[in-house]
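Everything on this sheet refers to the single structure shown next.
Just so you know, all these numbers are worked out from the coordinates, no wet-lab data involved. Treat the numbers as computed from the prediction; the structure is a model and nothing was measured. Methodologically, a virtual Cβ is constructed for each residue, glycine included, from the backbone with ideal geometry; neighbour enumeration extends over all protein chains shown.
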């Protein structure tokens with residue numbers, strides 16, 4: 001039995017894996033899909049360095065897991081799982097980048113996103129009440145995040161989006177070959193992603209290769225648009 005720890009992307013929460021979790025548990029594995037501290041139902045205060053805060057939280061989950069840990073990071077959470085692997089490589093069996101930011105040391109999400117200004121949700125950004133956060137226009141976000149997802153699922157998901165700390169986009173990644181580099185890396189591509197295009201995904205992989213690459217015919221949210229295929233891709237790693 002493995003333990004899948006599923007870490008959600010920006011603006012989302014652990015709820016985004018609601019269709020995926022039952023398929024993994026039905027195969028006999030443990031699944032943990034939390035809200036990150038300060039996001040959604042978690043009311044923890046978000047500090048000035050959310051990536052470090054979230055990575056520490058994730059390593060705590062990995063340390064208490066009962067089986068080999070397969071740590072899955074969607075989108076922005078690619079940076080979170082990379083930093084978690086740097087903190088505690090001994091507690092993580094596999095890192096899975098689910099159409100996620102696979103960053104180099106010292107690189108930020110903004111560095112990659114700004115190199116592709118015509119891709120992604122930047123046109124949908126709106127100010128949040130808290131100036132340290134950035135929100136997203138729900139209607140404009142739907143065709144970016146859920147372009148192959150059913151209308152019902154798309155609208156239900158969009159209603160649950162919450163503001164994201166700006167620092168999660170601008171903080172440079174802190175990883176080393178000696179620690180992060182010890183952990184097996186897998187990339188699950190989304191061929192029809194409008195938030196992180198396939199071109200962007202493959203540019204990141206070229207700079208930091210992964211042991212295995214799986215391509216899904218999905219949008220940015222394969223946990224809604226290609227659930228059985230995503231579940232199988234993850235189960236094949238066990």
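Neighbour counting of Cβ atoms within 10 Å sorts the residues 101, 17, fewest neighbours leading, into 17, 101. Net length available on complete extension from residue 41 to residue 212 is 58.2 nm, with 0.36 nm assigned per residue and the Cα-Cα distance removed. As a proxy for reagent exposure, 215, 176, 149 were ordered by neighbouring Cβ count within 10 angstrom, fewest first; the result is 176, 215, 149. Each label was represented as a point 7 Å from its Cα along the Cα-to-Cβ direction; for residue 199 and residue 90 these points are 4.5 nm apart. If R0 is 41 Å, the Cβ-Cβ spacing of residue 152 and residue 129 corresponds to a FRET efficiency of close to 0.90. When Cα extents along the principal axes in Å is computed from the coordinates, the matching label among (1) 81, 51, 38; (2) 63, 34, 32; (3) 40, 37, 35 is (3).
Using Cα pairs under 8 angstrom and six or more residues apart, how large is the relative contact order of the chain, in percent?
Rounded, it is 23 percent for the chain.
Centroid-to-centroid, using Cα positions, the range 64-96 and the range 18-32 are 17 Å apart.
If R0 is taken as 35 Å, the Cβ-Cβ distance between residue 184 and residue 160 corresponds to a FRET efficiency of 0.65.
Each residue, residue 104 and residue 116, gets one label point 7 Å from its Cα in the Cβ direction; the gap between the two is 1.6 nm.
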